[in-house]
Amino acid sequence: MKTSRPIRAYIAPDAILHNYRLARRHAPGAKAWAVIKADAYGHGQWRAVQALRHEADGFALLECENALALRAAGITQPILLLEGIFSSQEARAVVEHRLTTVIHCHEQLEMLLGAGPLKGPVSIYLKLNTGMNRLGFTAPALAKAWEILRPLAQVNVTLMTHFAEADGERGVDWQLERFRQMAGDWRGGCSLANSAAILRHPTAHGDWVRPGIMLYGASPFAELSAAELGLQPAMALESQIIGVQTLTQGERVGYGGTFTADKSMRVGIVACGYADGYPRHAPTGTPIAVMGRRTRTLGRVSMDMLACDLSDIPAAGIAAPVTLWGNNVPADEVAAAAGTIAYELFCALASRVPVEVREI
Ligand SMILES: *Cc1c(COP(=O)(O)O)cnc(C)c1O
C-alpha cells in the first residue's frame, strides 16, 4: 500500500523524450548519449530508459552493474561508463557485453588490457584533462597511452573531455584549444559537450554529445530559464496543506523563529520537509505554489514540514494542493533560493516519497 501522506513526486517520461529531442536538434551533426547516472538525476533510471529506449543513441551512466542490467533488459544501444572501470572483472564485462568505457588514467588502461586477451572489439573513451583537473590524461601521459594503444587494432578509440565552465563567462574555447593541441592530427571520434555546451557552444559538440540535466527539464544556466530554452519539467514535487495557523503581528514561525509576522496573516503548513529531499537551506521567500498560485515559504524548513504564506490565497485550507517544484515553480528557482542547483534537488529526492508517472 502506498503511503497516504499526501506528498508525491511525479515523473513525466514524455518530457524527458521532448528534452532529449531538443538536445538532438541543438546538435544536429552529433549523436547523443542520454546521461542517466545517479538514477537518472533522481527521476528513476528505468523510467528514463523506458522513455528513451526507442530514440536514444546510447545511455551513459556510472556503475557497470547498472549497465549490465540494461543489457539484460534488452537495451542494445551503446552504453558508456562515465568513470570507466574499477576492477579487472569489470574490464571483462566491458568486452563481453560490448560496453563503452571511459579510460581516464594509465591504471585503467592496464586493467583493461590485463584482463586477458581481448576477444572482441572494445570501444573506449580516452579522457583528456583539458583544465577541469578532475579526471583525464595530461599530454605526456597521453603519449604513453598512444604507444600502448596504437598497435591494438581491436580497440576503437574516441577522444573525450569535459568542460568546467561551459555555463560561465570563461566558456569552452580555452579548453577546446588544449584539446586540439593534445589531439594533434586525430581524425577519429570526439565527445565534448554537456548540456551547457550543447545549448551555448555549437562549435564544441564533437561526434557524441552528453546531455544530462537538460533531459530532466532544468537549465544549466543561472541567467536563462528552462522555459526560455524550450525545456519541459520532468519532475514535479507536490503535497498538500495539512495545517493552517492565523498569526497576529509579532508571532514567529517554526524552529528558531526566523520569520516574524509583520501583520496578521494566514500560514499554511505543508507535508514536505528536508527528509523528503526539500532543501533545508531554502530561506523565507523561496517560491512555492498553493492551488496553482505562487506564494513564498516562511521560516525554517523542518524534517517533515514547512510553512508558507496563505495571506493572498484565502480559499486554501486543509488538503489544498501544493507544488514544491514543477510547472508553476521551476526547480531552478527553488534551487537558486536555497543556494544550490536543480541537479542537487533532483538527486536528493528521498526514497520515502512515492513516485508516480504523470504529465506535468
Ligand atoms: C554528468 C556528466 C554529463 C552531463 O552533464 P550535464 O551538465 O548534466 O549535462 C556529461 N559528461 C560527463 C562526463 C558527465 O559526468
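What follows is calculated from the coordinates using simple rules that are stated; it is not laboratory data. Remember, it's a predicted structure, so these values are computed and weren't measured experimentally. Positions of Cβ are generated from backbone atoms using ideal geometry, with glycine treated the same way; all protein chains shown enter the neighbour counts.
Quick one: if the Förster radius is 45 Å, what FRET efficiency do Leu149 and Gln249 give, using the C-beta to C-beta distance and rounding to 0.05?
Working: r = 73 Å, r/R0 = 1.62.
Approximately 0.05, to the nearest 0.05.
Given the Cα atoms of segment 13-216, and with Rh set as the inverse mean 1/r over their pairs in the Kirkwood sense, what is Rg to Rh to two decimals?
Radius of gyration relative to Kirkwood radius: 0.95.
Please give the net charge around Thr260, taking every other residue with its beta carbon less than 12 angstrom from that of Thr260, where Lys and Arg add +1 and Asp and Glu add -1.
0
Expressed as a whole number of Å, what is the distance separating the alpha-carbon centroids of segment 126-174 and segment 276-328?
The distance from the Cα centre of segment 276-328 to that of segment 126-174 comes to 45 Å.
Count charges around Ala319 for me, please; just the other residues with Cβ under 13 Å from its Cβ, Lys/Arg as +1, Asp/Glu as -1.
The answer is 0.
Which of rounded, prolate or oblate describes segment 235-357 when judged by the alpha-carbon gyration tensor and an a/c cut-off of 1.5?
Note, shape of segment 235-357 comes out prolate.
For the chain, calculate the relative contact order in percent as a whole number, restricting contacts to Cα pairs under 8 Å that are 6 or more residues apart.
Numbers: 805 pairs, mean separation 68.7, N = 360.
Computed over the chain, the figure is 19 percent.
Suppose each label sits 7 Å from its Cα in the direction of the beta carbon; what would the Arg358-Arg294 distance come out to in nanometres?
2.2
Go ahead and run the numbers for FRET between His97 and Thr260, Cβ-Cβ distance against an R0 of 45 Å, rounding to 0.05. Could you put the intermediate results ahead of the total?
Numbers: r = 60 Å, r/R0 = 1.34.
My answer for the efficiency is 0.15.
Go ahead and estimate [θ] at 222 nm for the chain from helices alone: -39,500 (n - 2.57) per DSSP H run with n ≥ 4, summed, over the residue count, rounded to 500. Let's see the in-between values first.
Details: 11 runs with 95 residues, N = 360.
Rounded to the nearest 500, the figure is -7500 deg cm²/dmol.
Counting Lys and Arg as +1 and Asp and Glu as -1, what is the net charge of the other residues whose Cβ lies under 13 Å from the Cβ of Ala336?
Neighbour charge sum, excluding Ala336 itself: -4.
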